[in-house]
Amino acid sequence: MPVFPTSPAAIRDHSRRRIQPRSRDEDVYRRGLAAGLSELQARILAGRLHGHEGPLEALTAPALRYLSHPEQLCDARRGAERIARAVSEGEHIGILTDYDVDGITSHVVMLRSMIELFGVPAAKLHSLIGHRINDGYGISLPLVERTLALKPRPSLVITADCGSSDEPRIARLREAGIDVVVTDHHALPVEGPPTSAYATINPTRPDCGYPDKTIAGCMVAWLMMSLTRSVLVEQGVLSASTPKLSPWLSYVALGTVADCVSLGASAANRAVVTYGLKLINRMESACWRVMAERLGADSVPFDAETLAFQMGPRINARSRLDDPYAALHYMLAVDDGIARQHLQVLDDDNQARKALEADMVESARALARPQLDENWPALVIHLPEGHAGVQGIVASRLVQSYGRPALVLTPATAPDMLTGSGRSIEALHLRDALQRAHELSPSSLPRFGGHRGAAGVGVPLAEMEAFRRAFLQAVREQLGERELFPVVWTDGALAASQLSLSTLDELEALAPYGREFDAPLFEAEFFVEQLRPVGAEGNHLMLELSCDAVVCRAIWFRALNPGEAAPISLGDRVRCAFKLSRNRWKGRESLQLMVEHAERLPP
C-alpha cells in the first residue's frame, strides 16, 4: 500500500461543496409552459427530464393507466403458469426475497396474494429471507441449504429482488427437483439469465420488451402476482370476481421509494408511488397507523419523503443488524399492538444503526483523505472492524461529501473474504465499472451485482489491492478527465415574494420526488438574523434568515462538525441552497426552509 501525503488544504478543497444551477432542457421547458404549467413548474421539469420526448402528462398527472401489461415481461407467462400450477395442485412453495425494503415489500405482496387471493394454506408457504451477515445477498448457499432441509421440501421457489446472478445456487436447487422462478430487477451478468431457472422475469433482460427498465423488484413481484391471478381465473381455479392486487400498491410504493429507483421519466414508478401513497394515507393497515402514531399527528399525510427517510431506514435497519423477519412481521401485522411491538424492535435497531454509522463514517473519512490527495476517481475504503450492514450508508455519505463513487469493504463471514457495498455518482454506471474490473482482474472480484447507482461486491482479502487497481482503472475509463467534487445542484433563484406556502403548493403538485426527480432545491442570499445549535448532539442549526422584508425560519441538519468552527455566524450575509418545507404544528402550517448548504458572502 503506498504512503500518501496529507494536505489539510487539499482535503478541504476536495470536500468544498459548490452550488451550481442545473442545466435545463429548453424543449421540455417550452412544452411544460404550453401544457399550462407555471413558469416554476416548467423550470423544475426542464431540470430533470433532459431529452424526454414522451408525454408530460404521464409524469405530471400520474395514473395507473400508464402501467404496461405484465405479459410484456419476457418469461412472465411461463412463470405465471408454473406458479398457477403449484397453486392449483397444492404444491409447497418457497418465497425467497432480499432482506431490504424492496425485498420485504415483495415478500408481503407475494404472501398476501397467495394466502388471501389464491387460497394457498399458510402451511404450504415457506418464507426464505437471507440474513445479511450470515447468509449474504441473493440466493446464497446457506439459503439453498435451508431450503433443501425443509420438510416437506418445496417443489417451487419464487424469488423477488434477487436471483439474476445466482446460476450456481439455482442449479443446485434444480438438481434437487425444485423449479425456480426468478423475479428481479437487477442487471443481469454478461452471460445472460440463469440457465437453470424455470423462468427469469426481469425487465433489464436484453430480450425483454417491457417498456420500463427502472421498476423496482417489488413492482416486478406485483406484476407477476397480478398475471398469476389472471391465469388462475382463465383456468377456472379462481372466480372472475377475485379481487385484483391494486390495494397492495401501498407496499409497492414503499419499496419503490426506498430502493431509490427512478422517479424521473418512469410513468410506472410515478403512478405506483402516487396511488400507493393515497392507499397508505387511508391508514387502513396497522403498519401505517402505528408509524403515524410514532412520528406524530403532524406527520400525516405521508409523502414520498416519509417513506424514504422514516419508514425505509427503520425496515432496513433490522436487516442491516439482525435477521429481517421482524420487519416482515411488522408489515404483515393486523393488530396495532403487535405492529407496535415490532416497530419498537425496528426503531431500536435504527438507533443502533445510527451510532454504528457515525463511527464508521468517521473512520472512513480518515482513510479517504490520502486517496483524495492522490485524486483517485473513486474511493475504496477497507474497514477491518466495520459492520457489513452499514457499508452502503457509509458509502453514500462519502459520495455526498466528496462527489465521487465510493466502495466500503468489511470482513465477510467466509474466512479471508471481504464484502462491500458501493454507491455512485450520476456520471458513472457502477455495475458496468465492476463488470470491467472483473474483466481486468477476475480472481479479485469473484462476485458482484447491482445497478447504475448501487452495487455489492465480494473480494478476497489477499486480492484487495488487485481489485482496487482494476476498479480504479475501470472508473477512469468511464469518467475520463472529469473533475470530481461535491455539487449542490439548484433550480435557480427564488425571489423573496416566492418564499411562501403557495409556492410550495405549486411544487407539491409535481410530486412524487425521488431519485432522478430530486425535490426542488433553490438558492438565494440571506442575512442571518438568529441561529442556535439544536439536536441531541448540538450539530444542527436552527436559523432565522431574512431576504428583503421576508423573514423565514430554517433548519440546517448536520451543519456543525466536531472540532470545526461553525460555517456561518450571526449577522453574516450568506448564499444558501435550500428546500421549501411545510412545518406542521398543532394543526397549523407555516413555511420552513431546509438548508442543504450555506456559505458566507463578503460583507
Positions within region 484-504 being in a helix (DSSP H, G or I), under 26 Å from the mean Cα position of the chain (by Cα) and not aliphatic (A, V, I, L, M), in sequence order = none
Every pair of residues 6+ apart whose Cβ atoms lie under 8 Å, when the first sits in region 322-335 and is among the polar types (S, T, N, Q) while the second is surrounded by fewer than 24 Cβ atoms within 10 Å (Cβ to Cβ) | none
Residue within region 367-375 that is buried (at least 20 other Cβ atoms within 10 Å of the Cβ), in contact with a Gly (Cβ under 9 Å, 6 or more places away or on another chain) and closer than 28 Å to ASP416 by Cα present | no
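Within the group VAL475, VAL459, which residue is surrounded by 20 or more Cβ atoms within 10 Å (Cβ to Cβ) and more than 24 Å from ASP166 (Cα to Cα)?
Numbers: VAL459 fails: more than 24 Å from ASP166 (Cα to Cα).
So the residue among VAL475, VAL459 that is surrounded by 20 or more Cβ atoms within 10 Å (Cβ to Cβ) and more than 24 Å from ASP166 (Cα to Cα) is VAL475.
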Residues satisfying the stated conditions in region 422-441, i.e. part of a loop (DSSP other than H, G, I, E, B) and either acidic (Asp, Glu) or closer than 14 Å to PRO486 by Cα (or both) = SER424, ILE425, GLU426, ALA427
ALA46 vs. criteria aliphatic (A, V, I, L, M) and under 30 Å from PRO194 (Cα atoms) = no
Quick one: how many residues across region 568-590 are modelled with pLDDT of 90 or more and either of a type in the set (A, V, I, L, M, F, W, C) or surrounded by 13 or more Cβ atoms within 10 Å (Cβ to Cβ) (or both)?
-> 13
In a loop (DSSP other than H, G, I, E, B) and modelled with pLDDT under 95, is that true of SER239?
-> no
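Would you be able to say whether some residue in region 87-102 is under 18 Å from GLY276 (Cβ atoms) and either charged (D, E, K, R) or surrounded by fewer than 21 Cβ atoms within 10 Å (Cβ to Cβ) (or both)?
yes
Name the one entry in LEU445, LEU507, LEU434, LEU494 that is crowded, with 17+ Cβ neighbours inside 10 Å, closer than 23 Å to HIS597 by Cα, modelled with pLDDT of 95 or more and in contact with a helix residue (DSSP H, G or I) (Cβ under 8 Å, 6 or more places away or on another chain).
Numbers: LEU445 fails: closer than 23 Å to HIS597 by Cα; LEU434 fails: closer than 23 Å to HIS597 by Cα; LEU494 fails: modelled with pLDDT of 95 or more.
Unique residue meeting the criteria: LEU507.
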Output the number of residues of region 181-239 satisfying the condition of being among the aromatic types (Phe, Trp, Tyr) and closer than 23 Å to GLU116 by Cβ.
-> 1
Which numbered condition trips up LYS278, out of (1) buried (at least 17 other Cβ atoms within 10 Å of the Cβ); (2) within 22 Å of MET331 (Cα to Cα); (3) out of contact with any Phe, Trp or Tyr (no Cβ under 9 Å at 6 or more places or on another chain)?
-> (1)
Could you tell me whether region 299-310 includes any residue that is in a helix (DSSP H, G or I), surrounded by fewer than 19 Cβ atoms within 10 Å (Cβ to Cβ), in contact (Cβ under 8 Å) with a residue 12 or more places away in the chain and within 18 Å of the chain's Cα centre (by Cα)?
-> yes
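Take the residues in region 188-236 that are among the charged types (D, E, K, R) and in a helix (DSSP H, G or I); name whichever of them is farthest from GLU175 (Cα to Cα).
So the first thing to find is which residues in region 188-236 are among the charged types (D, E, K, R), and the list is 191, 205, 207, 212-213, 229, 234.
With the extra rule that they be in a helix (DSSP H, G or I), the set shrinks to 229, 234.
On the way: ARG229: 29, GLU234: 31 Å.
Within region 188-236, the match that is farthest from GLU175 (Cα to Cα) is GLU234.
Considering only residues that are hydrophobic (A, V, I, L, M, F, W, C) and out of contact with any Ser or Thr (no Cβ under 8 Å at 6 or more places or on another chain), look in region 373-393 and name the one that is farthest from GLN478 (Cα to Cα). I'd like the intermediate steps shown before the answer.
Pass one, region 373-393, residues hydrophobic (A, V, I, L, M, F, W, C): 376, 378-381, 383, 388, 390, 393.
With the extra rule that they be out of contact with any Ser or Thr (no Cβ under 8 Å at 6 or more places or on another chain), the set shrinks to 376, 378-381, 390, 393.
On the way: TRP376: 13, ALA378: 11, LEU379: 15, VAL380: 17, ILE381: 20, VAL390: 27, ILE393: 24 Å.
Only one residue fits best here, namely VAL390.
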For residues that are aliphatic (A, V, I, L, M) and surrounded by 19 or more Cβ atoms within 10 Å (Cβ to Cβ), scanning just region 142-174, find the one that is nearest to VAL109 (Cα to Cα).
-> ALA160
Scan region 565-584 for residues that are more than 22 Å from GLU508 (Cα to Cα) and either over 31 Å from the mean Cα position of the chain (by Cα) or outside any loop (DSSP other than H, G, I, E, B) (or both) and jot them down.
-> ALA565, ALA566, ILE568, SER569, LEU570, GLY571, ASP572, ARG573, VAL574, ARG575
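Restricting attention to region 442-457, does a residue exist that is of a type in the set (S, T, N, Q), farther than 19 Å from TYR137 by Cβ and assigned to a strand (DSSP E or B)? Steps first, answer last, please.
Of region 442-457, the ones of a type in the set (S, T, N, Q) are 443-444.
With farther than 19 Å from TYR137 by Cβ added as a condition, the list becomes 443.
Subsequent filtering for residues that are assigned to a strand (DSSP E or B) retains none.
No; the residues of region 442-457 include none that is of a type in the set (S, T, N, Q), farther than 19 Å from TYR137 by Cβ and assigned to a strand (DSSP E or B).
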Which of the residues belonging to region 147-187 are among the aliphatic types (A, V, I, L, M) and in a loop (DSSP other than H, G, I, E, B)?
-> ALA149, LEU150, ALA176, ILE178, ALA187
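Just for region 298-317: of the residues that are among the β-branched types (Val, Ile, Thr) and under 26 Å from GLY389 (Cβ atoms), which one is modelled with the lowest pLDDT?
ILE315
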Considering every residue within region 101-119, establish whether at least one is more than 24 Å from SER250 (Cβ to Cβ), in contact (Cβ under 8 Å) with a residue 24 or more places away in the chain and either out of contact with any Phe, Trp or Tyr (no Cβ under 8 Å at 6 or more places or on another chain) or outside any loop (DSSP other than H, G, I, E, B) (or both).
-> no
Exactly one of ALA474, ALA466 is in a helix (DSSP H, G or I), in contact with a Lys or Arg (Cβ under 6 Å, 6 or more places away or on another chain) and not polar (S, T, N, Q), and that one is ALA474
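Test ALA427 against the criterion of being without any contact (Cβ under 8 Å) to a residue 60 or more places away in the chain, more than 24 Å from VAL361 (Cβ to Cβ) and either outside the structural domain of PRO21 (by TED's automatic domain parsing) or touching a Lys or Arg at 6+ places or on another chain (Cβ under 8 Å) (or both), and give yes or no.
Working: without any contact (Cβ under 8 Å) to a residue 60 or more places away in the chain: yes; more than 24 Å from VAL361 (Cβ to Cβ): no; either outside the structural domain of PRO21 (by TED's automatic domain parsing) or touching a Lys or Arg at 6+ places or on another chain (Cβ under 8 Å) (or both): yes.
Answer is no for this residue.
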Could you figure out which of (1) assigned by TED's automatic domain parsing to the domain that holds ALA474; (2) in a loop (DSSP other than H, G, I, E, B) isn't true of VAL334?
-> (1)
Being at pLDDT 95 or above, within 28 Å of ARG353 (Cα to Cα) and touching a Gly at 6+ places or on another chain (Cβ under 8 Å) narrows VAL408, VAL487 down to just VAL408
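Yes or no, residue by residue, for (1) part of a helix (DSSP H, G or I); (2) without any contact (Cβ under 8 Å) to a residue 40 or more places away in the chain; (3) acidic (Asp, Glu):
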site	(1), (2), (3)
ALA268	yes, no, no
VAL273	yes, no, no
MET283	no, yes, no
GLY312	yes, no, no
ARG340	yes, no, no
GLN344	yes, yes, no
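Being surrounded by 19 or more Cβ atoms within 10 Å (Cβ to Cβ) and either over 20 Å from the mean Cα position of the chain (by Cα) or free of Cβ contacts under 8 Å to residues at least 40 places away in the same chain (or both) is true for just one of SER239, SER262, SER246, SER250. Which residue is that? Steps first, please.
On the way: SER239 fails: surrounded by 19 or more Cβ atoms within 10 Å (Cβ to Cβ); SER262 fails: either over 20 Å from the mean Cα position of the chain (by Cα) or free of Cβ contacts under 8 Å to residues at least 40 places away in the same chain (or both); SER246 fails: surrounded by 19 or more Cβ atoms within 10 Å (Cβ to Cβ).
That would be SER250, the only listed residue that is surrounded by 19 or more Cβ atoms within 10 Å (Cβ to Cβ) and either over 20 Å from the mean Cα position of the chain (by Cα) or free of Cβ contacts under 8 Å to residues at least 40 places away in the same chain (or both).
The values are calculated or read from the model by the stated rules, or taken from the named source; none is laboratory data. Note that the structure is predicted; figures quoted are calculated from it, not measured. Cβ atoms come from the backbone with ideal geometry, glycine included; neighbour counts cover every protein chain shown.
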